[in-house]
Amino acid sequence: MTHPSRPAIAIGALGGTIASTSSADDGSAVVPTMDAATLAAAVPGLTEVADLRAETLERLPSPSLDEPTVVRALQWARRAVDDGAAGVVLTQGTDTLEESAYLLDLLWDRPEPLVVTGAMRSPQAPGADGPANLLSAVRCASAAASRGRGVLVVVDDEVHLARWVAKTDSVSTGAFRSPAFGPIGRCVEGEVAFAAPAARPAPLRLTAAEEQGDPRVPLVATYLGDDGHVLAALDPERLDGVVVAGFGAGHVSERAAEQIPRLAQRVPVVFASRTGAGPTGRAIYGYPGSEVDLVARGAVGAGWLPPVKARLLLWALALRGPVPREVAAHEFEERGRL
Ligand code: ASP
């Protein structure tokens with residue numbers, strides 16, 4: 001039954017550890033099985049916070065999510081808001097949460113909060129973190145102060161902007177951090193406190209037909225001794241863009257750099273930093289394979305966006321068709337900075 005003083009919040013469940021159970025008593029080897037209603041019902045006090053509508057969208061481990069599945073979740077979230085939800089929460093696996101949250105953020109065109117959460121421990125594990133994360137996510141999605149901020153990630157009572165959050169540990173419950181400047185908010189005593197006023201880059205405006213696309217944008221990581229043979233194996237005729245995860249401020253070896261012009265003549269090539277924090281350089285180094293050299297060979301720096309998010313920005317831009325280098329450069333300049 002709806003309650004006049006409680007906000008209507010839609011919860012969409014995609015799977016992940018937060019929804020994973022085991023048939024063994026020790027809770028080992030879990031797989032995503034739980035539906036959204038069961039997830040919500042397991043959280044003490046949740047129904048006091050909001051009028052909930054819970055829907056199971058997928059039951060996937062998050063490594064098997066893909067961009068079209070995330071876009072379908074986005075469209076479901078839009079419909080939930082159109083039907084009167086004051087905010088939306090998506091639950092999913094943590095492995096790819098930083099990516100799907102950013103893709104959602106690029107396309108979320110509503111002031112209502114869209115909050116993504118998950119869990120590092122499954123529901124049967126001692127100290128399971130899913131219920132607390134879901135409760136905080138619903139509170140965050142209900143808060144007036146969360147409006148106009150795009151997509152937020154709530155884990156461990158911290159609120160992160162989707163564009164900067166990263167999973168930085170494979171098992172810790174404190175795995176989520178925003179390496180550039182930290183979280184944007186905290187959840188304390190049932191309230192959400194933000195460190196800064198709402199501000200975000202404008203979402204990408206796409207047609208319904210464009211949102212159906214699935215461009216091909218691979219991510220190639222460099223490494224000590226990289227002779228460029230992986231880049232050489234790429235056929236630009238079959239791609240819509242390439243992202244290179246470079247050393248330091250976005251560097252590759254001279255031999256890898258030699259492969260860039262062949263690709264950049266056909267598709268946008270973006271270089272990002274594989275370090276996990278900090279931006280790509282603009283004019284620090286000038287040697288072959290440096291940021292200055294890569295730009296001269298036709299590539300574009302990702303700025304503060306890490307490789308996986310740079311890849312999603314290029315993927316989303318390519319939904320509109322071939323991306324001219326100047327357009328890629330402009331978008332990464334605008335969206336790849338703080
Ligand atoms: N492997 C799980 C997943 O991403 C991890 C998690 O949810 O925490 O689906």
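The values are calculated or read from the model by the stated rules, or taken from the named source; none is laboratory data. This is a predicted model, so every value here is computed, not measured. We place every Cβ from the backbone using ideal geometry, glycine too, and count neighbours over all the protein chains shown.
Data overview
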item	result
Count of the range 20-47 residues which are closer than 30 Å to Ala143 by Cβ, within 14 Å of the ligand (Cβ to nearest atom) and not in a helix (DSSP H, G or I)	3
Residue, farthest from Glu237 (Cα to Cα), within the range 280-338, restricted to residues that are among the β-branched types (Val, Ile, Thr) and part of a loop (DSSP other than H, G, I, E, B)	Ile284
Search result, residues across the range 217-270 that are farther than 29 Å from Asp109 by Cβ, buried (at least 18 other Cβ atoms within 10 Å of the Cβ) and among the small types (Gly, Ala, Ser)	Gly228, Ala245, Gly246, Ala249, Gly250, Ser253, Ala256, Ala257, Ala264
Residue, farthest from the ligand (Cβ to nearest atom), within the range 48-71, restricted to residues that are assigned to a helix (DSSP H, G or I) and loosely packed, with under 14 Cβ neighbours inside 10 Å	Glu48
Set Leu317, Leu312: member being more than 16 Å from Glu98 (Cα to Cα), of a type in the set (A, V, I, L, M) and surrounded by 16 or more Cβ atoms within 10 Å (Cβ to Cβ)	Leu317
Sole residue being touching a residue at least 40 places away in the same chain (Cβ under 8 Å) and under 19 Å from Gly289 (Cα atoms), chosen from Ala198, Ala232, Ala180, Ala221	Ala221
Only one of Asp240, Asp235, Asp227 that is at pLDDT 95 or above and under 17 Å from Ala316 (Cα atoms)	Asp240
Selection count, the range 90-111, where residues are away from the ligand (no atom under 15 Å from the Cβ), surrounded by 22 or more Cβ atoms within 10 Å (Cβ to Cβ) and either among the polar types (S, T, N, Q) or outside any helix (DSSP H, G or I) (or both)	1
Of residues in the range 245-275 being part of a strand (DSSP E or B) and without any contact (Cβ under 8 Å) to a residue 60 or more places away in the chain, the one nearest to Gly286 (Cα to Cα)	His251
Qualifying residue in the range 185-196 (condition: over 23 Å from Ser5 (Cβ atoms), within 14 Å of the ligand (Cβ to nearest atom) and out of contact with any Pro (no Cβ under 8 Å at 6 or more places or on another chain))	no
Filtered residues of the range 113-152 (kept if buried (at least 20 other Cβ atoms within 10 Å of the Cβ), more than 14 Å from the ligand (Cβ to nearest atom) and part of a loop (DSSP other than H, G, I, E, B))	Pro113, Ala143, Arg149, Gly150
Among the residues listed as Thr17, Thr38, the single one being surrounded by fewer than 19 Cβ atoms within 10 Å (Cβ to Cβ) and modelled with pLDDT of 95 or more	Thr38
Set Asp169, Asp214: member being surrounded by fewer than 22 Cβ atoms within 10 Å (Cβ to Cβ), under 17 Å from the mean Cα position of the chain (by Cα) and within 16 Å of the ligand (Cβ to nearest atom)	Asp169
The one condition in (1) crowded, with 20+ Cβ neighbours inside 10 Å; (2) out of contact with any Cys (no Cβ under 9 Å at 6 or more places or on another chain) that Arg205 fails to fulfil	(1)
Any hit, the range 64-80, residues being touching a residue at least 60 places away in the same chain (Cβ under 8 Å), among the aliphatic types (A, V, I, L, M) and more than 30 Å from Arg311 (Cβ to Cβ)	no
